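One structure is given below, encoded as structure tokens.
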Amino acid sequence: LLAYNTYYNSFYLNMVAAEAFLPTAQKRNSVVNLAKSLNYTPRSTTAAYIEGTLTASVVGSPTSVTIPKYTEFVGTVDNRTFSFLTTESLTLFSTSSYVDNVTMVEGKLISRRYTVNSSDKEQRFLIPNTNVDTTTITVRVLNSSVDSTTRTFTTTENIVEVTATSQVYFLEEAEDGQYEIKFGDGIFGQSLNSGNIVIIDYIVTNGTAANDV
């Protein structure tokens, strides 16, 4: 029994030690945690995208028509249909029937809301979708449920020029392929207050499956 227990523990400790080093780690969570010390964030799934000219007809008498951001278009390849979303608001004028340099990305728009609770030291702002394209993330912060004043936060990878009032967020991969958004502490980046509402919009994509639409 003692021999078995010793062998079992030696095997367990060997596996634990292996997960502590990049060359020998086998689990993704271990590799991600080790990579954080190197200031490396793993790349997310990348959405297929379309760039081109949008052609349409303006019916009636309006001088212009606005196509909102995230308007959905569909395309088909290999008998599968995929949704493509506009990345910005577009304006189509009656004097022309097209808009140049239009970009659309494939996927589904997801919006998550978190209410900040400063007394909860364990609060996290997680994106639970593993197929998120992190380049499509937008982060807005409302002052409260009764004050709709909105601040837009942008991502940063360099804290050298970040001040206490910089409206930035930091992105890193958390456990199980999820991504986590972190905010400043009032020294490096503007901090959040209790009652603030964090709104995270992002696109979940099918990756390479939508190529060649």
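The values are calculated or read from the model by the stated rules, or taken from the named source; none is laboratory data. Every value quoted in this text rests on a predicted model; they were computed, and no experiment measured them. Cβ sites come from the backbone with ideal geometry, for glycine too, and all protein chains shown count toward neighbours. Each accessible area value is taken on the protein alone, full model and side chains, heavy atoms only, with ligands, DNA and RNA left out. Shrake-Rupley method; radii C 1.70, N 1.55, O 1.52, S 1.80 Å.
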When the residues of region 74-100 are narrowed to those that are of a type in the set (Gly, Ala, Ser) and open to solvent by 20 Å² or more (accessible area, probe 1.4 Å), which ends up farthest from Ala48 (Cα to Cα)?
Ser94
Out of region 141-154, which residues are surrounded by 15 or more Cβ atoms within 10 Å (Cβ to Cβ) and not aliphatic (A, V, I, L, M)?
Phe153
Unmet requirement for Val162, which otherwise passes all of (1) open to solvent by less than 20 Å² (accessible area, probe 1.4 Å); (2) more than 19 Å from Thr87 (Cβ to Cβ); (3) modelled with pLDDT of 95 or more; (4) of a type in the set (Val, Ile, Thr)
(3)
Any residue at all in region 27-38 that's farther than 25 Å from Asp201 by Cα, open to solvent by 90 Å² or more (accessible area, probe 1.4 Å) and among the aliphatic types (A, V, I, L, M)?
yes
Under 7 Å between Cβ atoms, which residue pairs at least 6 apart in sequence (or on different chains) link something in region 36-58 that is closer than 14 Å to Thr134 by Cβ with a partner that is open to solvent by less than 100 Å² (accessible area, probe 1.4 Å) and of a type in the set (D, E, K, R)?
Thr41/Glu172; Thr41/Glu173; Pro42/Glu173; Ser44/Asp133; Thr45/Asp133; Thr46/Asp133; Ala47/Glu106; Ala47/Asp133
Taking region 150-182 and keeping only residues that are in a strand (DSSP E or B) and without any contact (Cβ under 8 Å) to a residue 40 or more places away in the chain, one is left with Thr150, Arg151, Thr152, Phe153, Thr154, Thr155, Val168, Tyr169, Phe170
It is to be established whether one or more residues within region 4-19 are of a type in the set (Phe, Trp, Tyr) and on the phi > 0 side of the Ramachandran plot.
no
Test Glu51 against the criterion of being farther than 24 Å from Val198 by Cβ, in contact with a strand residue (DSSP E or B) (Cβ under 7 Å, 6 or more places away or on another chain) and open to solvent by 90 Å² or more (accessible area, probe 1.4 Å), and give yes or no.
yes
From the list Lys108, Lys121, which one is surrounded by fewer than 13 Cβ atoms within 10 Å (Cβ to Cβ) and of a type outside the set (Asp, Glu)?
Lys121
Search region 69-126 for residues being basic (Lys, Arg) and outside any strand (DSSP E or B), and hand back the single one that is farthest from the chain's Cα centre (by Cα).
Lys121
Considering only region 104-116, I want to know if a residue exists there that is over 19 Å from Asn206 (Cα atoms), modelled with pLDDT under 95 and out of contact with any helix residue (DSSP H, G or I) (no Cβ under 9 Å at 6 or more places or on another chain).
no
So which residues in region 189-198 are of a type in the set (A, V, I, L, M) and open to solvent by less than 10 Å² (accessible area, probe 1.4 Å), if there are any at all?
Val198
